[in-house]
Amino acid sequence: MVVKRQWRAHVDEKGRLVLPEEVASSYGLKPGAEACIDEKRDSLSLRPPLTHLRKVYIEVTNGCNLDCRTCIRNIWEEPIGQMDGETFERIIDQLRSFSPPPKIFFGGFGEPLFHPDIVEMVAKAKSLGSSVELITNGTMLTPIMSKSLIEANLDLLWVSIDGATPESYADVRLGATLPEVLSNIKTFRDLRMKAQLLTPEIGFAFVAMRRNIADLAAVLRLGYERDVSHFLITNVLPYTSELRDEALYTHALMDIIYQPPLELPHVELPKMDVNEIMNERLYRALHENVQTVSIGGGILGEASDRCPFIESGSTAISWEGNLSPCLPLLHTHSYYLDERRRFSRRYVVGNISEKNLKELWDEPQYLSFRERVQNFSFSHCIFCAGCELALANEEDCRGNTHPTCGGCLWAQGVIQCP
């Protein structure tokens, strides 16, 4: 359950906005910090400063025990490995210099439970005072592993569930069986209840495609039955040509790029019942001579142009100890934008064995990149076929150089990560 929190700020005698100490501390609003303020229709939105590290993705391995249809490993040529103990200890030691401690997320492009020391790693991350999350395919979530993760004080366990029947699940998660995974989740939940604990919470992550979207409602029901408190649905990122036809967002991207004329009206809708009758009528109405549509205050179909990794104060560390701004830039790979194959070269700020994590985070070049992404002055390469620059993240037609983010589907809200 998402709990809405509210604070009150006041304006001092010099006209300066004074925030509650709890808010300032939690969001890195220290003296001298700069933060972006967005003007909205009836309010202002204050973004945390880009200097504040709030979340660290740690890829303890890029190896996995499955061969999923949607996996990036189907197309890349990178070596498979796992983080050594010295590298992980260095990360933990260097994170102690950040206050408050950032959230730690064990995940990347591999199965965290595949690492033999994952339980100890979770426990050490918790020793920082951090909130700790982990994502798994659930096949290695044995009773012993479940009990150990609970005792290590994990806060949230994400499980990838891409089908509601044994057949549809196995069609995506090659090498896994749904009954086994659901049994593992139930055992995990029961062990937590036996220990009389509210955490770790359980979350489901679902990759939506044409082949499995009919299962979504049933997947949600499977979650409700197992006390799942978080659901994250993302679109598929087509790493292979076979996955291009599985995408469910072609028209959504076109709505972003091809905006209607400004003279057309903006339509405001209230929150309404979602049913078959309303879906058909609303769909017809919203595609006829309308510029923008808002439902309950949220505008549909506009470009997001907002990186979820930068906005959440995140960074990512690969199993080798390389620091990158986000998960998509952690490894070199290719994927498809419509019919076009796009090459994405990794971007490494530095390695934590060569330079301290705090120094890497504060690197002027890295901070400049975060500012560039927050301003998002990139060309919209997601549907542009006008030049070859759109086929890679090397440079774009606005003069931006590697890495360019105009072809990133995360920045348009199409792809999501926990």
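None of the figures in this text is laboratory data; all of them are computed from the coordinates on show. Quick caveat: nothing in here was measured; it's all calculated off a predicted structure. Note: ideal-geometry Cβ built from the backbone for every residue, glycine included; neighbour counts use all protein chains shown.
Kirkwood radius for region 31-93, taken over all pairs of different Cα atoms as the inverse mean of 1/r, rounds to 16.3 Å.
Just want the ordering: K30, K55, from fewest to most Cβ atoms lying within 10 Å of their own Cβ. Each step should come with its number before you reach the end.
Values: K30 12, K55 17.
Lowest to highest Cβ neighbour count: K30, K55.
What separates the Cα centres of region 39-54 and region 315-382 is a distance of 22 Å.
Near W158, the amide H atoms lying under 5 Å from its own belong to L134, I135, T136, G203; only residues 5 or more places off or on other chains count, and H is placed 1.01 Å from N. When the chain is treated as a GNM with alpha-carbon contacts under 10 Å, the residue of V11, V56, V228 showing the greatest mean-square fluctuation is V11. Whole Å is fine, so just give me how far the alpha carbon centre of region 164-178 lies from that of region 208-237. Going from one Cα centre to the other spans 13 Å. Which entry in (i) 22.1, 67; (ii) 23.8, 73; (iii) 20.8, 60 matches Rg and Dmax of the Cα atoms in Å derived from the coordinates of this structure? From the options (i) 22.1, 67; (ii) 23.8, 73; (iii) 20.8, 60, the structure gives (i).
The residues E268, E388, when put in order of fewest to most other Cβ atoms within 10 Å, stand as E388, E268. Computed over the chain with a Gaussian network model linking Cα atoms closer than 10 Å, the most mobile of I310, I72, I144 is I144. Taking the chain as a Gaussian network, Cα atoms linked when under 10 Å apart, which of G85, G175, G32 shows the biggest mean-square fluctuation? Evaluated over the chain, the most mobile residue of the options is G32.
Between C326 and A316, the built amide H atoms are under 5 Å apart, and every one of these is 5 or more places off in sequence or on another chain.
In whole percent, what relative contact order does the chain give with Cα contacts below 8 Å and a gap of six or more residues? Please list the in-between numbers first.
Values: 738 pairs, mean separation 64.7, N = 418.
The normalised contact order for the chain reaches 15 percent.
Projecting label points 7 angstrom from Cα along Cα→Cβ for D171 and L216 puts them 1.6 nm apart.
Computed with the Debye formula from one identical point scatterer per Cα of region 53-176, without solvent, the log10 of I(q)/I(0) at q = 0.18 Å⁻¹ comes to -0.99. Residue-wise HN-Hα couplings along region 387-404, as the Karplus relation 6.51 cos²θ - 1.76 cosθ + 1.60 with θ = phi - 60° gives them from phi, are 8, 6, 4, 6, 8, 7, 9, 7, 7, 10, 7, 9, x, 6, 10, 3, x, 8 Hz; Gly and Pro carry x. Between Y366, F98, T165, the Cα set farthest toward the positive side of the dipole of the chain (charges on each charged residue's Cβ, about the Cα centre) is that of F98. Note: relative contact order over region 1-48, using C-alpha pairs below 8 Å and six or more positions apart, is 20 percent.
Going from the residue with the fewest nearby Cβ atoms within 10 Å to the one with the most, L360, L128 rank L128, L360.
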